[in-house]
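Chemist: Got a structure here, written out as structure tokens. Questions coming.
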Amino acid sequence: MLSRRQLFPALAGAALRAQPKRPNIIFIMSDDHASHAISAYGSKINKTPHIDRLANEGTRFANCFVTNSICTPSRGVLMTGLYSHLSGIKTLSDKIDPDKPNTAKYMQAAGYQTAMIGKWHLVTNPTGFDFWRILPGQGLYNNPVFIEMNGERKKYDGYCTDLIGDFTLDWLSKRDKSKPFFVMCHHKAPHREWTPGPKYKDLFKDVTIPEPDTLYDEHKGRAGAAERSRMRVGQDNTKTDLKMDPPPGLEGNALRKWAYQVYIKDYLRCVQSVDDNVGRVLDYLDKEGIANDTIVIYNSDQGFFLGDHGWFDKRFMYEECLRTPLLVRWPGHGRPGTVNKDMVLNLDFAPTFVDCAGAAKPAEMQGESLKPLLEGKTPKNWRQDMYYRYWMHLGGGHSVTAHYGVRTHRYKLIYYYGKALGSAGAVDQDTPPEWEFYDMRKDPKELRNAYSDPAYQKVIGTLKKRLAQLQAHYKDTPA
Ligand SMILES: [Ca+2]
């Protein structure tokens, strides 16, 4: 383990600012849970009462984005505070370096006891945790195997989401009460293949879930990347996804309509168990009398297409999967029921944890602490735009073209640069470089690529300059 002096070389022991009492932190993360399947975010298709409690009693961030919308790289950002090109975790195949500093090691050095329970998905075993129990890779929904700290693989009877809830509560009940704690509770759900638990297998059985406005989007005018991708509801779903064959003869939009109902119901059933297990943690904190001393965070590793643009999955810089839910309850800090509209990133989470632990931000971390935002005091110079990059170029089975771009509060500029650029999980095949531009105030569903519209040429020129500035600022290399 790295010593505190090694982790905080500039400040050593002085890095820990004197604070009367430091908060516990429970970071609950799910996998592929889009904001628009949370009622606090205005979901039209489900209710999530326990996650909503965090919004009612804390802060809901309305504009939280990921820097690379896919599982392993997003977890890399969380554990390092670095963009994918600097952490080296650019694709699903890349692993975290167990010997380098990470978020958990910084929390340990700050005097926290640390635990990681559930889906880790960073290839090498966790370091920096006093306790961990993780799923191997994606893990299974039913009777899953977990990897224990001694390296053994042990099978547990039950439903994965409930087991991760059980293990989290069990660890909390056995914790060292003389120290604050930092626990990462990472659910597998509602990741593909969307297998519901026994409690909710019949939920929504006799109802029709409303379809998204863009379920039958044909991607007209968009870059070739949209058409090239393989994540169409119906056409690109497997039998494992749908658990049955489509009715014979069904094709085109009729197939999509049918498959959407099958897929979204299973997805939402999985979400319901996640919500229950958020509730169990909140109940535990109440019963234990430590709710006021504990920050509870709910987040997903990225968003997801819920039939939007005709798709399932993620990866694109489009809103549905660029956005991720972020709800934070920190009693006594900020007003309950606050909706924060500042632009925040998953890049900010690591520095936020360290800041809330009373330690100085590690010099290498690229994000900003959200602590002032949680206290209702957004700094005057807070970011007004964000940089995104997806690296897997046609890899990972969904054939999404590598791209990068910039998003402001109103506009979005995306560049599909057409090459794999030596990324491990990518397919070595060129595609034509292409641009997309959206005015999200006029076109919030991103249906009209206005890149060639003369009216926007000045804005697009400014955004191109800004994109180059952001790449330089974050030490990335343009294609
Ligand atoms: Ca994910």
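The values are calculated or read from the model by the stated rules, or taken from the named source; none is laboratory data. Please read all numbers here as calculations on a predicted model, not as lab measurements. Ideal geometry is used to build each Cβ from the backbone, glycine not excepted, and the neighbour counts take in all protein chains shown.
Chemist: Would you check if Val207 is of a type in the set (A, V, I, L, M) and either crowded, with 18+ Cβ neighbours inside 10 Å or closer than 27 Å to Gly396 by Cα (or both)?
Modeler: Here the answer is no, as Val207 does not meet what is asked.
Chemist: Give Gly422, Gly395, Gly405 a once-over and let me know the one that is modelled with pLDDT under 95 and buried (at least 18 other Cβ atoms within 10 Å of the Cβ).
Modeler: Sole residue among the options that is modelled with pLDDT under 95 and buried (at least 18 other Cβ atoms within 10 Å of the Cβ): Gly395.
Chemist: Going through Arg448, Arg389, Arg383 one at a time, which residue ends up being in a loop (DSSP other than H, G, I, E, B), closer than 28 Å to Leu215 by Cα and among the basic types (Lys, Arg)?
Modeler: Only one candidate qualifies: Arg448.
Chemist: Of all residues in region 169-196, which are away from the ligand (no atom under 16 Å from the Cβ), in a loop (DSSP other than H, G, I, E, B) and in contact (Cβ under 8 Å) with a residue 40 or more places away in the chain?
Modeler: Arg175, Asp176, Lys179, Pro180, Pro196
Chemist: OK, next. Name every residue in region 297-318 that is under 15 Å from Met29 (Cβ atoms) and of a type outside the set (A, V, I, L, M), in order of residue number.
Modeler: So in region 297-318, the residues under 15 Å from Met29 (Cβ atoms) come out as 297-304, 314.
Passing the criteria: Tyr298, Asn299, Ser300, Asp301, Gln302, Gly303, Phe304, Lys314.
Chemist: Let me ask something else about it. Identify, from the list Arg153, Arg192, the residue that is crowded, with 16+ Cβ neighbours inside 10 Å and at pLDDT 95 or above.
Modeler: Going through Arg153, Arg192 in turn, just one is crowded, with 16+ Cβ neighbours inside 10 Å and at pLDDT 95 or above: Arg192.
Chemist: Could you grab me the full set of residues in region 333-343 that are touching a helix residue (DSSP H, G or I) at 6+ places or on another chain (Cβ under 7 Å) and over 18 Å from Pro49 (Cα atoms)? So that I can check it myself, show each step before the final result.
Modeler: From region 333-343, those touching a helix residue (DSSP H, G or I) at 6+ places or on another chain (Cβ under 7 Å) are 333-334, 336-337, 340, 342; that's our starting set.
Listed by number, the residues that qualify are His333, Gly334, Asn340, Asp342.
Chemist: Separate question: Quick test for you: out of Pro454, Pro432, Pro444, pick the one residue that is over 25 Å from the mean Cα position of the chain (by Cα) and farther than 20 Å from Gly418 by Cα.
Modeler: Only one candidate qualifies: Pro454.
Chemist: Cys321 versus (1) surrounded by fewer than 24 Cβ atoms within 10 Å (Cβ to Cβ); (2) within 15 Å of the ligand (Cβ to nearest atom); (3) part of a helix (DSSP H, G or I): which is the lone unmet condition?
Modeler: It fails just one condition, (1).
Chemist: While we're looking at this one, here's another question. When you scan region 39-64, how many residues do you find that are over 14 Å from the mean Cα position of the chain (by Cα) and either within 16 Å of the ligand (Cβ to nearest atom) or among the hydroxyl-bearing types (Ser, Thr, Tyr) (or both)?
Modeler: 5
Chemist: Run down Ala12, Ala109 and say which single residue is of a type in the set (A, V, I, L, M) and either crowded, with 24+ Cβ neighbours inside 10 Å or modelled with pLDDT of 95 or more (or both).
Modeler: Going through Ala12, Ala109 in turn, just one is of a type in the set (A, V, I, L, M) and either crowded, with 24+ Cβ neighbours inside 10 Å or modelled with pLDDT of 95 or more (or both): Ala109.
Chemist: How many of the residues in region 256-288 are closer than 15 Å to Leu215 by Cα, touching a Phe, Trp or Tyr at 6+ places or on another chain (Cβ under 8 Å) and of a type in the set (A, V, I, L, M)?
Modeler: Of the residues in region 256-288, 0 are closer than 15 Å to Leu215 by Cα, touching a Phe, Trp or Tyr at 6+ places or on another chain (Cβ under 8 Å) and of a type in the set (A, V, I, L, M).
Chemist: Still on this structure, I have one more. Being away from the ligand (no atom under 15 Å from the Cβ) and over 20 Å from Arg407 (Cβ atoms) is the filter here; which residues of region 308-318 pass it?
Modeler: Gly310
Residues checked against (1) touching a residue at least 12 places away in the same chain (Cβ under 8 Å); (2) in contact with a helix residue (DSSP H, G or I) (Cβ under 8 Å, 6 or more places away or on another chain); (3) of a type in the set (D, E, K, R); (4) over 12 Å from Thr67 (Cα atoms):
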residue: Trp311; (1), (2), (3), (4): yes, no, no, yes
residue: Arg329; (1), (2), (3), (4): yes, yes, yes, yes
residue: Val354; (1), (2), (3), (4): yes, yes, no, yes
residue: Met365; (1), (2), (3), (4): yes, yes, no, yes
residue: Gln384; (1), (2), (3), (4): yes, no, no, yes
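Chemist: What's the number of the condition Phe349 fails, among (1) within 16 Å of the ligand (Cβ to nearest atom); (2) part of a helix (DSSP H, G or I); (3) farther than 23 Å from Ser369 by Cα?
Modeler: (3)
Chemist: Just to check your reading of the model, which residue among Glu211, Glu227 is in a loop (DSSP other than H, G, I, E, B), acidic (Asp, Glu) and modelled with pLDDT of 95 or more? Before the answer, list the steps.
Modeler: Values: Glu227 fails: in a loop (DSSP other than H, G, I, E, B).
The unique qualifying residue is Glu211.
Chemist: Of all residues in region 44-88, which are without any contact (Cβ under 8 Å) to a residue 24 or more places away in the chain and either of a type in the set (Ser, Thr, Tyr) or not assigned by TED's automatic domain parsing to the domain that holds Asn102 (or both)?
Modeler: Ser87
Chemist: Would you confirm, using the coordinates I've provided, whether Asp166 is charged (D, E, K, R), in the same structural domain as Val271 (by TED's automatic domain parsing) and out of contact with any Lys or Arg (no Cβ under 9 Å at 6 or more places or on another chain)?
Modeler: Here the answer is no, as Asp166 does not meet what is asked.
Chemist: Please go through region 164-177 and pick out each residue that is within 13 Å of Gly197 (Cβ to Cβ) and crowded, with 24+ Cβ neighbours inside 10 Å.
Modeler: Ile164, Gly165, listed by residue number.
Chemist: Got at least one residue in region 294-307 being within 16 Å of the ligand (Cβ to nearest atom), more than 27 Å from Phe181 (Cβ to Cβ) and more than 14 Å from the chain's Cα centre (by Cα)?
Modeler: Yes, region 294-307 has at least one match.
Chemist: Sort through Ser423, Ser369 and tell me the only one that's touching an Asp or Glu at 6+ places or on another chain (Cβ under 9 Å), small (Gly, Ala, Ser), touching a residue at least 12 places away in the same chain (Cβ under 8 Å) and not assigned by TED's automatic domain parsing to the domain that holds Lys464. Steps first, please.
Modeler: Details: Ser423 fails: not assigned by TED's automatic domain parsing to the domain that holds Lys464.
Residue meeting the stated conditions: Ser369.
Chemist: Still on this structure, I have one more. Determine whether region 18-36 contains at least one residue that is among the hydroxyl-bearing types (Ser, Thr, Tyr) and away from the ligand (no atom under 16 Å from the Cβ).
Modeler: Among the residues of region 18-36, not one is among the hydroxyl-bearing types (Ser, Thr, Tyr) and away from the ligand (no atom under 16 Å from the Cβ), which makes the answer no.
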